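Participant: Quick one: this structure, given as structure tokens, is what I'll be asking you about.
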């Protein structure tokens, strides 16, 4: 993920002021995690007021996701532990919001199938971010970063979730997530494998986890 998207620029000013306080990046990450879980719970209730509330809370959660990294850089409190915590918080929040979407749509035309559809999409998103962590451990920080375009990066696509909810496109969103998230996870895994192979060079042995 890029560190200079439009969202990063938007939170940079407030984080510059917050950097002068005792607030830590990990505290912001924890708030990101709590708001992400809260948004998913609101979605899972499956009623209109909670759909809209959950979408708003999730936008706040995404802003906090960008804010913790900005605060870490501006305050000089960046750490490897904090970076990994941030990635796992992302994986949990982005996974459960899609699972919550599926649970909330259990009374749609998909019926109870909506729940495993949301679970599949959420699991694929969690797998992508878990691969990111493994890739960074093997090849260095930001080694799995994808290029940004016009101030946006791939991770910003998660904002399509609250936008689709507000527009009333919840069912098409679930269908798209069920198809696209696993497909992207497979493509991302292939990309990571290729990058690791290139980094090791020809004939290098493949490291195995203990």
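The values are calculated or read from the model by the stated rules, or taken from the named source; none is laboratory data. The model shown is predicted, which means the values in this text are computed figures rather than measured ones. Methodologically, a virtual Cβ is constructed for each residue, glycine included, from the backbone with ideal geometry; neighbour enumeration extends over all protein chains shown.
Results for (1) over 12 Å from residue 98 (Cα atoms); (2) at pLDDT 95 or above; (3) out of contact with any helix residue (DSSP H, G or I) (no Cβ under 7 Å at 6 or more places or on another chain); (4) in a helix (DSSP H, G or I), shown as yes or no for each residue.
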| position | (1), (2), (3), (4) |
| --- | --- |
| 145 | yes, no, yes, no |
| 155 | yes, no, yes, yes |
| 173 | no, yes, no, yes |
| 179 | yes, yes, yes, yes |
| 185 | yes, no, no, yes |
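Participant: Same structure again: Being over 23 Å from residue 163 (Cβ atoms) and touching a helix residue (DSSP H, G or I) at 6+ places or on another chain (Cβ under 8 Å), is that true of even one residue in segment 60-69?
Facilitator: So far as segment 60-69 goes, no, none of its residues is over 23 Å from residue 163 (Cβ atoms) and touching a helix residue (DSSP H, G or I) at 6+ places or on another chain (Cβ under 8 Å).
Participant: Let me ask something else. Out of segment 19-36, which residues are touching a helix residue (DSSP H, G or I) at 6+ places or on another chain (Cβ under 6 Å) and part of a helix (DSSP H, G or I)?
Facilitator: So the first thing to find is which residues in segment 19-36 are touching a helix residue (DSSP H, G or I) at 6+ places or on another chain (Cβ under 6 Å), and the list is 19, 25-26, 28-29, 31-33, 35-36.
Those that are touching a helix residue (DSSP H, G or I) at 6+ places or on another chain (Cβ under 6 Å) and part of a helix (DSSP H, G or I): 25, 26, 28, 29, 31, 32, 33, 35, 36.
Participant: Let me ask you something else. Would you mind stating whether residue 60 is surrounded by fewer than 20 Cβ atoms within 10 Å (Cβ to Cβ), in contact (Cβ under 8 Å) with a residue 12 or more places away in the chain, under 19 Å from the mean Cα position of the chain (by Cα) and not in a loop (DSSP other than H, G, I, E, B)?
Facilitator: yes
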